[in-house]
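Shown below is the structure under consideration.
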Amino acid sequence: LYAITLTLSLLVVLLTAVSAAFLLSERFGSSLEALAEGTRAVAQGDFTEQYPIRSSDELGALTGLFNQMTRQLFEAKQASEQQQRVVESAKVHLESVLTHLSSGVLALDHELRLRSVNTSAAQILAAPLQEMQRMSLSQIAEKYSLLRSFCHTVMDAFGETESGEWQRQIERLSRNGTQILLMRGTRLPQGG
């Protein structure tokens, strides 16, 4: 009788322990699965999903922090998209101003490659500057002999000026005869 009672007690304790293990693993497993699903969604760029906090233990705290992180990422993404729209709008406005400007404007990068040019510059220099974008001034000077003095003057001026502005006046031969150009340049900081 003693052995049967001990065996039954042991079986009841064992079944209780197994049942408790299943319940706890189900509870923890569903919370961890939700966090894993949320992590996959965040990896794909979806920051909108919020997960319910099912407990007040460490796993509940982790879920709360995860929700807070996704909210902050969503807000940062929205702010970034808004800033990008503002920058693109400013760029369109600047391009519109440069297009209608009667002075020629050329934008060069820090390696003196042509980044952008307005139509007035192409008309003044009587050259297909739009086709020369991403070319360096030295490459342009080699390829287009009528632009050689212009390119060398700009390269020399930027070589002499580490920061700030410069101004030069040159005479150059063009298809229409001699042309006098008053040129100004500004070197922006490396990040500008």
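The values are calculated or read from the model by the stated rules, or taken from the named source; none is laboratory data. Predicted model only: the values in this text are computed from it and were never measured. Heads up, the Cβs are rebuilt from the backbone with ideal geometry, glycines too, and the neighbour counts pull from every protein chain shown. For accessibility, only protein heavy atoms count, side chains too; no ligands or nucleic acids. Shrake-Rupley method; radii C 1.70, N 1.55, O 1.52, S 1.80 Å.
Name the residues in the range 89-127 that are in a loop (DSSP other than H, G, I, E, B), among the hydrophobic types (A, V, I, L, M, F, W, C) and within 30 Å of the chain's Cα centre (by Cα), would you?
Narrowing the range 89-127 to residues in a loop (DSSP other than H, G, I, E, B): 100-105, 109-112, 118, 126-127.
Cutting the leftovers down to among the hydrophobic types (A, V, I, L, M, F, W, C) gives us 101, 105, 112, 126-127.
The answer is Leu101, Val105, Leu112.
Still on this structure: Taking the range 123-139 as the search range and keeping residues that are open to solvent by less than 20 Å² (accessible area, probe 1.4 Å) and over 21 Å from Thr161 (Cα atoms), which one is modelled with the highest pLDDT?
Selected residue: Met132.
Which ones in the range 57-68 are part of a helix (DSSP H, G or I), open to solvent by 30 Å² or more (accessible area, probe 1.4 Å) and without any contact (Cβ under 8 Å) to a residue 24 or more places away in the chain? Break it down stepwise before answering.
The first filter runs over the range 57-68 and keeps only residues part of a helix (DSSP H, G or I), leaving 58-68.
Those left that are additionally open to solvent by 30 Å² or more (accessible area, probe 1.4 Å): 58, 61-62, 65, 68.
Glu58, Ala61, Leu65, Gln68, listed by residue number.
For the range 47-56, which residues satisfy the criterion of being without any contact (Cβ under 8 Å) to a residue 24 or more places away in the chain and exposed (fewer than 13 other Cβ atoms within 10 Å of the Cβ)?
Pro52, Ser56 - these are the residues of the range 47-56 that are without any contact (Cβ under 8 Å) to a residue 24 or more places away in the chain and exposed (fewer than 13 other Cβ atoms within 10 Å of the Cβ).
Can you report the number of residues in the range 172-182 which are over 12 Å from Ile124 (Cβ atoms) and surrounded by 10 or more Cβ atoms within 10 Å (Cβ to Cβ)?
Residues that pass the stated criteria total 1.
Pairs under 6 Å by beta carbon, first residue within 15 Å of Gly60 (Cβ to Cβ) in the range 12-34, partner assigned to a helix (DSSP H, G or I), six or more apart or different chains?
Ser31/Leu59
Consider Val12 carefully, then state whether it is part of a helix (DSSP H, G or I), under 28 Å from the mean Cα position of the chain (by Cα) and surrounded by 10 or more Cβ atoms within 10 Å (Cβ to Cβ). Spell out how you get there, then give the answer.
Details: part of a helix (DSSP H, G or I): yes; under 28 Å from the mean Cα position of the chain (by Cα): no; surrounded by 10 or more Cβ atoms within 10 Å (Cβ to Cβ): yes.
It is false that Val12 is part of a helix (DSSP H, G or I), under 28 Å from the mean Cα position of the chain (by Cα) and surrounded by 10 or more Cβ atoms within 10 Å (Cβ to Cβ).
Which condition does Gln72 not pass, out of (1) loosely packed, with under 13 Cβ neighbours inside 10 Å; (2) more than 24 Å from the chain's Cα centre (by Cα); (3) within 30 Å of Gly29 (Cβ to Cβ), if it passes all the others?
(2)
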